[in-house]
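The values are calculated or read from the model by the stated rules, or taken from the named source; none is laboratory data. Bear in mind the structure is a predicted one, so any value in this text is a computation, not a measurement. Please note: Cβ atoms are built from the backbone with ideal geometry, for glycine as well, and neighbour counts cover all protein chains shown.
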Amino acid sequence: MTPDYPFDDAATARAVIAGDGTVSSWNAGARQLLGWEAAEVVGRPAARLLADGDSQPAPASAGGRWYGTVTLRHRDGRALPVWLLAHHRRPQDGEPGHWLVVTPLETADRPATDPTLALDALVQAPCAVAVYDDRLRLRHANQAMAEVLGLPEERLRGLRVSEIGGRPHSAELEAQLLQVLVTGRPLDSRSYLRTGGEGRARAWLARMAPVADAEGRVRGVCLAVHDLTESHLARERLQLVNEASMRIGTTLDVTRTAQELTEVCVPALADFVSVDLLDPHDPGGEPPGPFAAPAELRRAAHRSLRPGTPEAVVKPGDTQAYPAGSPQADALVAGRTIAATVAGGSLNQWLTWDDARGGAVTELGVHSTMAVPIQARGTTLGVAILTRFRRPDPFTSDDVLLAEEVTARAAVCIDNARRYSRERETALALQRSLLPRTLPRTAAVTASSRYLPAARAGVGGDWFDVIQLSGMRVALVVGDVVGHGIQASATMGRLRTAVRTLADIDLAPDELLTHLDDLVLRLSADSGGEGRPGEVGATCLYAVYDPVSRRCTLARAGHPPPVILPPGGTPQRVDLPSGPPLGLGGLPFESTELYLPEGSVLAFYTDGLVESRELDMEAGHGLLVEALAAHTGSLDETCDRILRTLLPPGGAGDDVALLLARTQGLSPSQVATWDIPADPALVARTRKQVVEQLALWGLSEAAFTAELVVSELVTNAIRYGARPIRLRLIHDAATLICEVSDTSHTAPHLRRAKTWDEGGRGLLLVAQLTQRWGSRHTTDGKTIWAELALYEES
């Protein structure tokens, strides 16, 4: 035995028993224990070493090991009880299996129980250990415990824990020691505090165990303290990273995401955190780069431990240019995290340049700051500033890594929110450009509308329209394209254009929806959906109101029915055949005709208004009826009241389009009708009747033009149409309409007459003299109409 090899083989009796039961190895310790020489034992059965009548004990535990007391036969004939530990070695690498049997020996020069060694072990143990007697007064403490307490061990003997520590936690620890002393059961306790021998708080694990005498009576308590600061901090960092992944990015709002970053970091990592973001040069573009001082940043969010955030010099939403030497500019230019301390002098230039910040640093006791660039997908979005003033310790390298990890997660969320906001603004701009900017003023209705994009899902394909038709009539339209985003907005624009085109040729509502359904089917085929019905889907409600007859014809394609508020009555839903949604194909649409008294209010809407997570369709309709019943005359106020009543405070989950229209009627005195004989010789009489009627209306200034237009239209009807022929004049304050109807379904076409042609100039003359003209088919034939403006457009 040497200092380099302190093991004494003779202190253990060791033997190897082969698989056949014979002894294959016998060491000096075994010879000392039983007196047999190796030559007398090796190669002979091990059973001969057992005393007469003894047998091999059963294994005391599994796993190839057994132990127990065996009575062995000494060489001098004595029976010697010996506790043995045996290990079974399985065959491997060609070697046979065997048993290794060992037992310790007590030597004369060093007994097994050495009080001096035990006391030395207590004093020199690497962990802090203290022993308290049955009065819970300190009896022994090793050097490690003295360093933790910051006091010499010989001065602390005889004191209680509460007297040594003098803090509330010391009293709690003393109560736990008392519990161990009384119950005789060990106890563990964790704490995070600053001890007398440390300048900063640490995480501690206190393990308390009873100390009993030979009779089992508890005579004291042993306290062992372990420093778990590193593992505690690592666990806190991991928890903070996990918390950041859960709490940051809950919305697609840049400001809210920046605020969530500050909430995660305060107070876990810093006492004050600010987030400043770069503004792109162009709206909707990328932030600028590469960077050079000064750097102009916009404050997105900040948070502090102190109420009112006195550390903040810049308000949220404001911008400031940060010069060279500031943590913000230096971190952006370097592209990496910069940690600095006030005591180190690295912030002197910055604090001298900015007197407001210099004063705040001195007043609040700021001692450390860290600037972390906010970077995602190769783009620098801004910088986060973390500051400490209440926590005494400066930022460490581990704090820098943690701040970078949390900021990197937030950067991706901020970038996602920024990209989403940009795409949303683009889609919203497209959507609003495709919707009517203002509703036309017509003699048939006064209208008001609202459009709100979805709060979460983004812009969709809801639309509405008011289309002026011939004969003072008006078409009211509302529709909803399935889906959200730019694609839905683009599809909506195509459908709205198609509706206006179809409305311009005066199709009946059910016929118009049939043509629109065919268009949606073609859009489905063009969208890459292999032409399957439903790839592009939409719903639509189309209505035509005639102020002369006060009748309204409606048809819908899978759209919610309108609600009507009669003058002086209560709102009610229109019982209208549903019809299939657009894009299914092959199914018919039906129309319904209603008589609407003048002053009736029609409410057209999309399902986003009446259906949400909080409301089902029936409940939504009920609220709509209640809000509409409170109509006081202003359509704008009614629109706002409906939205406030039906939509949640955070906004709708789907797009909302709302169109309110109050019907107006034309007085019979504004309409004149004549039955025209099919005799060209009587056209002059018809012209005279028209001139007289215009004089009666006070429209003599338009008599000459109207006389020419009526003469041409009536002559064409007599020459090319079929009886009966009817002439109707309609006027309001701004327009005079001339209509000639007959029972022929053949419509005239405008063409340019050649020099020597005898005909073909009549409709060209009508087109030149009128504001617009056209034809529409009716169930009885056709109507040729022309509009004359009664005032000069400025």
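Some notes on this structure:
- Count of residues meeting criterion [surrounded by fewer than 18 Cβ atoms within 10 Å (Cβ to Cβ) and in contact with a His (Cβ under 8 Å, 6 or more places away or on another chain)] in the stretch 476-497: 0
- Residues within the stretch 650-664 that are farther than 14 Å from residue 561 by Cα and modelled with pLDDT of 85 or more, tallied: 6
- Complete set of residues in the stretch 147-178 that are part of a loop (DSSP other than H, G, I, E, B) and surrounded by fewer than 14 Cβ atoms within 10 Å (Cβ to Cβ): 150, 152, 157, 158, 166
- Of 510, 518, 526, all but one fail to be out of contact with any helix residue (DSSP H, G or I) (no Cβ under 8 Å at 6 or more places or on another chain) and modelled with pLDDT under 90; the exception is 526.
- Checking each residue in the stretch 641-690 for being acidic (Asp, Glu) and over 28 Å from residue 474 (Cβ atoms) picks out only 679.
- Scanning the stretch 410-422 for residues being surrounded by fewer than 19 Cβ atoms within 10 Å (Cβ to Cβ) and in contact (Cβ under 8 Å) with a residue 24 or more places away in the chain gives a total of 5.
- Taken together, 386, 401, 332, 351 contain a single residue that is in contact with a Lys or Arg (Cβ under 9 Å, 6 or more places away or on another chain), surrounded by 14 or more Cβ atoms within 10 Å (Cβ to Cβ) and not β-branched (Val, Ile, Thr), which is 351.
- The set of residues from the stretch 37-67 being at pLDDT below 85 and in a strand (DSSP E or B) comprises 65, 66, 67.
- Selection count, the stretch 429-463, where residues are assigned by TED's automatic domain parsing to the domain that holds residue 544, touching a Pro at 6+ places or on another chain (Cβ under 8 Å) and under 11 Å from residue 655 (Cβ atoms): 2
- Test for residue 553: is it modelled with pLDDT of 95 or more, surrounded by fewer than 20 Cβ atoms within 10 Å (Cβ to Cβ), among the polar types (S, T, N, Q) and touching a helix residue (DSSP H, G or I) at 6+ places or on another chain (Cβ under 8 Å): yes
- Taking the conditions (1) surrounded by 13 or more Cβ atoms within 10 Å (Cβ to Cβ); (2) outside any loop (DSSP other than H, G, I, E, B) in turn, residue 195 satisfies each one other than (2).
- Taken as a whole, the condition of being modelled with pLDDT under 85 and among the hydrophobic types (A, V, I, L, M, F, W, C) applies to residue 756.
- Unique residue being in the same structural domain as residue 442 (by TED's automatic domain parsing) and either modelled with pLDDT under 90 or within 24 Å of residue 441 (Cβ to Cβ) (or both) when the list is 582, 624, 576, 647: 647
- Given (1) within 27 Å of the chain's Cα centre (by Cα); (2) crowded, with 19+ Cβ neighbours inside 10 Å; (3) in a loop (DSSP other than H, G, I, E, B), index of the condition residue 442 fails: (1)
- Sole exception among (1) at pLDDT below 80; (2) under 21 Å from residue 261 (Cβ atoms); (3) not acidic (Asp, Glu) for residue 416, by number: (1)
- In the stretch 529-548, residue surrounded by the fewest Cβ atoms within 10 Å (Cβ to Cβ) [restricted to those that are out of contact with any Gly (no Cβ under 7 Å at 6 or more places or on another chain) and at pLDDT below 90]: 530
- Which numbered condition residue 502 misses (of (1) within 26 Å of residue 728 (Cα to Cα); (2) surrounded by 21 or more Cβ atoms within 10 Å (Cβ to Cβ); (3) of a type in the set (A, V, I, L, M); (4) in contact with a helix residue (DSSP H, G or I) (Cβ under 6 Å, 6 or more places away or on another chain)): (2)
- Top-ranked residue of the stretch 531-568 - restricted to ones that are of a type in the set (A, V, I, L, M, F, W, C) and assigned to a loop (DSSP other than H, G, I, E, B), ranked as nearest to residue 731 (Cα to Cα): 548
- Reported count of residues in the stretch 360-383, each being of a type outside the set (D, E, K, R), surrounded by fewer than 16 Cβ atoms within 10 Å (Cβ to Cβ) and within 17 Å of residue 304 (Cα to Cα), is 2.
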